[in-house]
Structures are given as structure tokens and as C-alpha cells.
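The values are calculated or read from the model by the stated rules, or taken from the named source; none is laboratory data. In this text, all values refer to a predicted model and were calculated from it rather than measured experimentally. Note that each Cβ is placed from the backbone with ideal geometry, even for glycine, and that neighbours are counted across all protein chains shown.
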Amino acid sequence: MRGHAKFCSEKCGDDHRNSLVKVQRREAKAGRFCRVCNKELGVRDYTYCSKACSIKGRRSLKYNMTEDELRILLEQHAVCAICETDNWGRKGPQVDHDHKTGAVRGVLCTRCNTALGHMQDDPARLRAAADYLETR
């Protein structure tokens, strides 16, 4: 047998030691806070407390903005810059950016942001699509 404690079997000893390791890990994770909302993280959380905070946190990294700058940008736009809806979609407001330079252009709803992406940010394609719709 391993260690100083005596167990009825090696399996019971391993189970006991594994449960102690889990408790130690849980205690080590206590006192950590979400990077976005500052809520205390649960045992299973790593950096963010929720999917929504994860999206917000990754956005600020992706667009090279602080979380406060991103929050201010999103607060300044109550509606989509293209279709003027306030129905942002499942993921909330989308930060539109130039894929070549990375510069932030504005805030769009999910549908408009996706449409620009499918048109490869090409104004000529967008004009051709509008012409197509108007003549059909």
C-alpha cells in the first residue's frame, strides 16, 4: 500500500487521494474573478464567468481595444449602422472592422455584419447586389 493511510483496497486509496486533489484544485481556484464583469469565478470557470463575458473579453483583444473602450463604442450605438435595427442577434452587437487594416468601422447587427463578410467587404459587389435586387 502507498502512503500512511490504510484503505480496504488500492482503488479506495486512489479514489480518496483523487478526491483530495479535486478539493485542492477547487480551493486554488477560489478568489478569482471574471476579466469582464469582475464576478467571482466558479470552480469550472477559467477566465470568464459566462459565454457573454467571454465574447466581450475576446472582442477587446481581437480589436486591440481596452474593455472600457469597447464598452464605450458599443454604448454609443443603439442601432445597427446599416439597417438601423436594435435587434442585434444572438451574439449581440458586432464590431465591424476592415479585414486588411484591422481598423474598427462601426457597430452592426449580426445579419449586416455577416452580409458584408460574404461580400468580402467589396463595395462593387454590394452595389451589384443592390442593382440586382432593384431590377428583379
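Points worth noting:
- Members of segment 88-104 that are of a type outside the set (Asp, Glu), touching a helix residue (DSSP H, G or I) at 6+ places or on another chain (Cβ under 9 Å) and either over 18 Å from Lys56 (Cα atoms) or surrounded by 11 or more Cβ atoms within 10 Å (Cβ to Cβ) (or both): Trp88, Gly89, Lys91, Gly92, Pro93, Gln94, Val95, His97, His99, Val104
- Filter result for Arg44 (charged (D, E, K, R) and exposed (fewer than 13 other Cβ atoms within 10 Å of the Cβ)): yes
- Among the criteria (1) within 30 Å of Lys6 (Cα to Cα); (2) modelled with pLDDT of 85 or more, the one Arg111 does not fulfil is (1).
- Just one residue in the set Leu116, Leu126, Leu61 is surrounded by 15 or more Cβ atoms within 10 Å (Cβ to Cβ) and not basic (Lys, Arg); that residue is Leu116.
- Members of segment 71-111 found to be touching a Phe, Trp or Tyr at 6+ places or on another chain (Cβ under 7 Å) and within 19 Å of Ala52 (Cβ to Cβ), listed by number: Val95, Cys109, Thr110
- Answer from Asp96, Asp131, Asp122 - the residue that is at pLDDT 90 or above, charged (D, E, K, R) and under 18 Å from the mean Cα position of the chain (by Cα): Asp96
- Test: residue in segment 27-49 that is over 14 Å from the mean Cα position of the chain (by Cα) and within 24 Å of Asp98 (Cα to Cα): no
- Residue in segment 60-69 that is closer than 17 Å to Val36 by Cα, of a type in the set (S, T, N, Q) and touching a residue at least 24 places away in the same chain (Cβ under 8 Å) present: yes
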